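Below you'll find the structure, written out as C-alpha cells, and then a few comments.
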Amino acid sequence: MRICVLGSGSRGNAVYVGAGPCHLLIDAGFSPRQLQLRLAPLGVGLGDLTAVCLTHEHADHARSALALNRRFGVALYANAGTIDGLGPAAADAPWHVFSTGFPFRIGEVTVEPFSVSHDALDPVGFALAWEETRVGVALDLGMATQLTRERLRGAHALVVESNHDEGLLLQAPRPWTLKQRIRSHQGHLSNRETAALLEEVAGPQLRQVFLAHLSEECNSEGLALDSARQALTACGCGHTAVAATRADRPSDVWTAWALAAG
Ligand SMILES: [Zn+2]
Ligand SMILES: [Zn+2]
C-alpha cells in the first residue's frame, strides 16, 4: 500500500491510497487538473482511479467528486448525509451509498467509515485495511472522541488533522464567531489536541503520521511538527516519522514496504 497526501488545507484536500490494482482517493477537494498534476508522479491518471470516498460535503473535500465520475467514470462513495449536503446537483449521480459505522469493500481494500465530530451532515473518518497494512484518515474533526481514537489505534500510517496553534488562533485578526467555530467540538483540531490524540493511539507499529489541514494563518509547519514529535517521543514512538502536509503541493509517498525495513 502507498499513501500520498495530494494536498491538504482549507483550499483543498485529497489523499491518494494505492493498494495493488486499486487506486482510491479520500476526498477530491482540488480541481481535476490539479488532481491530475499531483497524481502524475505516482504514475496514476484520473482515468485509473477506482473510486473517491468522501469524508463530508464541504467544498474543500468534495469539489471535484461529481466531475471525476462524469468525465472519468470514477466510482463515488459517500453516506446519505454527505450526498444530501452536496445539494441537488449530486442527487442523480450514481452513488455507492455507505452507512457510517459499517465497513465495505472496494476491490481488496476494506474501508470502514466512522463518525467524527464536525459541522457537516454526517462527517466521517476512514480506517482502511489491505493485506497486513492499516491506515487511518481523520481530516476535519472538532474533537477526538473515544470512537475516533479506537478506529485510529493500531494503524501503520495516519493522516490526521493538526489545524491550528491555539495561541495564534486567539491572536488572529478573524471574527470571533469564526474563532469559536474553529475551536468548537465540531470545528477543527488544534496542535495540542492532535498531540493528545497521537499519544493515545500511537504504538510500535505506527510508522508514519501525516499532519493535515494546517491553517495558513494560525499555524506553522514547525509548531505542528514539534508538537506531534514531542507527543510521539513521550509515548515511546520516537521511531514514527512525522510530515506536515500543504495545500499547494503533495507530500512524499509512504509505502507499506517500509514496514519490513523499519
Ligand atoms: Zn469540513
Ligand atoms: Zn476541511
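The values are calculated or read from the model by the stated rules, or taken from the named source; none is laboratory data. Bear in mind the structure is a predicted one, so any value in this text is a computation, not a measurement. Here Cβ is always computed from backbone atoms with ideal geometry, including for glycine, and neighbour counts include all displayed protein chains.
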Just need a number here: residues in segment 53-82 that are surrounded by fewer than 22 Cβ atoms within 10 Å (Cβ to Cβ), part of a helix (DSSP H, G or I) and either among the polar types (S, T, N, Q) or on the phi > 0 side of the Ramachandran plot (or both). 1
Can you spot a residue in segment 88-99 that is among the charged types (D, E, K, R), within 16 Å of ligand 1 (Cβ to nearest atom) and free of Cβ contacts under 8 Å to residues at least 60 places away in the same chain? no
For S227, state whether it is small (G, A, S), in contact with a Ser or Thr (Cβ under 9 Å, 6 or more places away or on another chain) and within 21 Å of N13 (Cα to Cα). no
Residues of segment 203-262 being modelled with pLDDT of 95 or more, touching a His at 6+ places or on another chain (Cβ under 7 Å) and closer than 21 Å to L139 by Cβ, which ones? L206, R207, H213, S215, C218, N219
Among the residues that make up segment 26-36, is at least one of them away from ligand 1 (no atom under 16 Å from the Cβ), surrounded by 22 or more Cβ atoms within 10 Å (Cβ to Cβ) and not in a loop (DSSP other than H, G, I, E, B)? yes
Checked pairs for segment 135-157, first at positive phi, second part of a strand (DSSP E or B), C-beta under 7 Å and 6 or more apart or across chains, list as G154/R134
Single residue of segment 96-142 satisfying the filter (of a type in the set (V, I, T) and part of a loop (DSSP other than H, G, I, E, B)) that is nearest to the chain's Cα centre (by Cα): V116
Quick check, is L42 out of contact with any His (no Cβ under 7 Å at 6 or more places or on another chain) and not polar (S, T, N, Q)? yes
The lone condition G85 fails out of (1) surrounded by fewer than 20 Cβ atoms within 10 Å (Cβ to Cβ); (2) closer than 20 Å to S227 by Cβ; (3) more than 16 Å from the chain's Cα centre (by Cα) is (2)
Could you say whether any residue in segment 41-48 is hydrophobic (A, V, I, L, M, F, W, C) and within 16 Å of ligand 2 (Cβ to nearest atom)? no
